[in-house]
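The block underneath contains the structure these notes are about, expressed in C-alpha cells.
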Amino acid sequence: MKPPHTRREFLSRSAAAVLSSKLFPGIESASAKTHSGNAVASSGAAPRRIIIDTDPGVDDAMAIFLALRSPELKVEAITAVSGNVPLDLTLPNALRLAEIAGRTDIPITGGASVPLVRRLITAKYVHGSNGLGGVDFPEPSLKPVAETATQLISRLVRANPGGITIVAIGPLTNIGTLLRSDPEIARLIPQIVIMGGSLSGGNITPAAEFNLYVDPEAARIVFDSGIPLTMVGLDVTEKVLLREEHIVMLERVQNPVSQAAGKIMRATLNRAHRGIDATVIAMHDPLTVASLIDPQLLKLQDYYVEVETEGEFTAGMTVGYAHAPVRPSAPRANANPPQPDPDSSFHPNAKVAVGVDPDRFFNLLMSRLTS
C-alpha cells in the first residue's frame with residue numbers, strides 16, 4: 001500500500017505548519033477544526049447553502065477556494081459574469097478553479113457578458129490578461145451546465161424558498177437581470193451578501209468601487225429590491241492586504257489549492273511591485289465569503305444605501321445614510337411636480353461592514369487553503 005504522503009511532502013507540510021504557527025498563533029487550532037469536521041459537525045448545524053456569483057479574478061479565486069474548503073458552506077452553484085475580465089475568461093476560470101479544488105460536482109455556468117446598459121470596463125491591469133494574474137493553468141475538462149446563470153439561480157431559489165443565500169462578488173449584472181425579469185423571486189431570497197461599494201470613496205474612481213462602477217444600474221435594482229443585504233465594501237476589504245509571508249505559506253504546502261493560490265497571488269504581488277496600487281492584493285472577495293463562515297470577523301451597521309446612476313463622475317457611488325431623513329439632491333427650479341419632503345423615519349436596506357479583525361480573517365483563510 002502506498003504511504004499517504006512522501007517524505008518530501010511530509011517535510012514540506014511540516015515546514016509550512018511551523019511557519020504558520022509562528023506567524024499566526026491561532027492557525028493551528030483552526031486547521032485542526034477543519035480536519036475534524038469543524039464546528040459544523042460538532043454543533044450539529046447544517047452548512048449554509050450559497051450560490052456564488054463571480055468574475056474570477058485573483059481575489060475571486062481565493063474566495064472560491066475558501067468557500068469550497070469550508071464545511072460551514074454548501075456551494076450549490078457558481079455563476080460567472082463579466083467584470084474583472086470578460087465572460088469568455090471568467091467562465092473558464094470558474095470551471096478550472098472548481099476543478100483544481102476537486103469539486104466537479106458543482107453546477108457552473110455563465111451569465112451576462114455585458115452590463116445592463118453600459119459598455120464593459122474590465123480590470124485586466126490588476127488581474128492580468130487572463131484574470132488569474134497571468135498564470136497559465138490547463139484548460140478545464142469540466143463543462144458548464146446548459147442553463148444560463150439566471151435560469152440556474154432561479155431554479156435553485158424556487159426549489160428552496162428562503163434556503164439559499166447569494167454571495168455576489170462581481171458586478172451585479174446577473175442578479176439585477178434576474179430581479180428585473182422576475183421581481184417576485186426577491187421574497188424567496190433570504191440574503192444577498194455583496195462585495196462592493198464603499199462609504200469612504202472608490203478604487204476605480206474617487207467615488208465608486210469597481211463592481212458597482214461596472215454596472216450601477218444592476219446594483220440599483222439589487223439595493224432597491226427589498227432583499228436583506230450585507231455590503232462588504234472597501235471600508236473593510238482594503239484593511240486585509242495579503243502579505244509576502246502569506247504567499248510563502250501557500251507556496252510551501254503541497255496541495256493543489258494552496259499551490260494554485262500561491263502562484264496566482266505571487267504573480268499579483270509582483271505586479272503590485274511594478275507600481276500598481278498596493279491594494280490590488282486586498283482580499284476583497286475572500287473576506288466577503290469568510291464573513292459567512294465567521295460572523296465575528298466584521299462589525300456591521302444598519303444603513304440606507306442608494307447607488308448613484310446618473311452622475312458623470314460618480315456613477316456607481318454608494319451613498320449611505322446612517323439615519324433619517326434620506327434627502328436626495330435639491331430639485332431643479334423647474335421640477336414638476338415639486339419634490340416631497342423627505343421621510344423622517346429610517347428604513348435601512350443593508351447591513352454595511354464598518355470594521356474588521358484582519359488577524360482573525362487571515363487565520364481562517366490560511367488555515368483553510370493550506371490544510
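The values are calculated or read from the model by the stated rules, or taken from the named source; none is laboratory data. Here the structure is a predicted model, which is why all the values come from computation and not from measurement. Methodologically, a virtual Cβ is constructed for each residue, glycine included, from the backbone with ideal geometry; neighbour enumeration extends over all protein chains shown.
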Exercise for the section: Could you please tell me which pairs satisfy a Cβ distance under 9 Å, a separation of 6+ or placement on different chains, a first residue in the range 329-341 that is of a type outside the set (S, T, N, Q), and a second residue that is modelled with pLDDT of 85 or more and assigned to a loop (DSSP other than H, G, I, E, B)? Expected result: Asp341/Pro325
Completion exercise
Counted residues in the range 97-140 being assigned to a loop (DSSP other than H, G, I, E, B), charged (D, E, K, R) and touching a residue at least 12 places away in the same chain (Cβ under 8 Å) come to 3
Practice task
Would you point out which residue out of Ala146, Ala123 is under 19 Å from the mean Cα position of the chain (by Cα) and among the hydrophobic types (A, V, I, L, M, F, W, C)?
Solution key: Ala123
Practice task
Kindly indicate the residue of the range 41-56 that is in contact with a Ser or Thr (Cβ under 9 Å, 6 or more places away or on another chain) and farther than 18 Å from Ala98 by Cα and also modelled with the lowest pLDDT among those meeting that condition.
Solution key: Ser42
Fill in the blank from the handout: Considering residues that are more than 24 Å from Gly102 (Cβ to Cβ), of a type in the set (Val, Ile, Thr) and under 19 Å from the mean Cα position of the chain (by Cα), the number found within the range 167-190 is 4
Problem - Any hit, the range 260-273, residues being of a type in the set (D, E, K, R), in a loop (DSSP other than H, G, I, E, B) and out of contact with any Phe, Trp or Tyr (no Cβ under 7 Å at 6 or more places or on another chain) - result: no
Practice task
Check Asp215 against each of (1) within 21 Å of Gly316 (Cβ to Cβ); (2) surrounded by fewer than 24 Cβ atoms within 10 Å (Cβ to Cβ); (3) charged (D, E, K, R) and name the one condition it does not meet.
Solution key: (2)
Problem - Residues located in the range 125-160, provided they are within 14 Å of Ile108 (Cβ to Cβ), crowded, with 19+ Cβ neighbours inside 10 Å and in contact with a helix residue (DSSP H, G or I) (Cβ under 8 Å, 6 or more places away or on another chain) - result: Pro140, Pro144, Ala149, Ile153
Handout entry: the range 250-259, residues that are closer than 12 Å to Ala101 by Cβ, touching a residue at least 24 places away in the same chain (Cβ under 8 Å) and part of a helix (DSSP H, G or I)
Key = Pro256, Val257, Ser258
Handout entry: Test for Ile169: is it under 23 Å from Thr230 (Cα atoms), of a type outside the set (Ser, Thr, Tyr) and touching a His at 6+ places or on another chain (Cβ under 8 Å)
Key = yes
Completion exercise
Taking the range 338-357 and keeping only residues that are in a strand (DSSP E or B) and surrounded by fewer than 17 Cβ atoms within 10 Å (Cβ to Cβ), one is left with Gly355
Handout entry: Within the range 86-98, tally of residues that are crowded, with 18+ Cβ neighbours inside 10 Å and more than 18 Å from the chain's Cα centre (by Cα)
Key = 0
Exercise for the section: Could you tell me which of the residues Thr122, Thr109, Thr104 is in contact with a helix residue (DSSP H, G or I) (Cβ under 6 Å, 6 or more places away or on another chain) and modelled with pLDDT of 95 or more? Expected result: Thr109
Exercise for the section: Those residues that are at pLDDT below 95 and either under 15 Å from the mean Cα position of the chain (by Cα) or of a type in the set (Val, Ile, Thr) (or both), I need them from the range 242-281; list them, please. Expected result: Thr268, Ile276, Thr279, Val280, Ile281
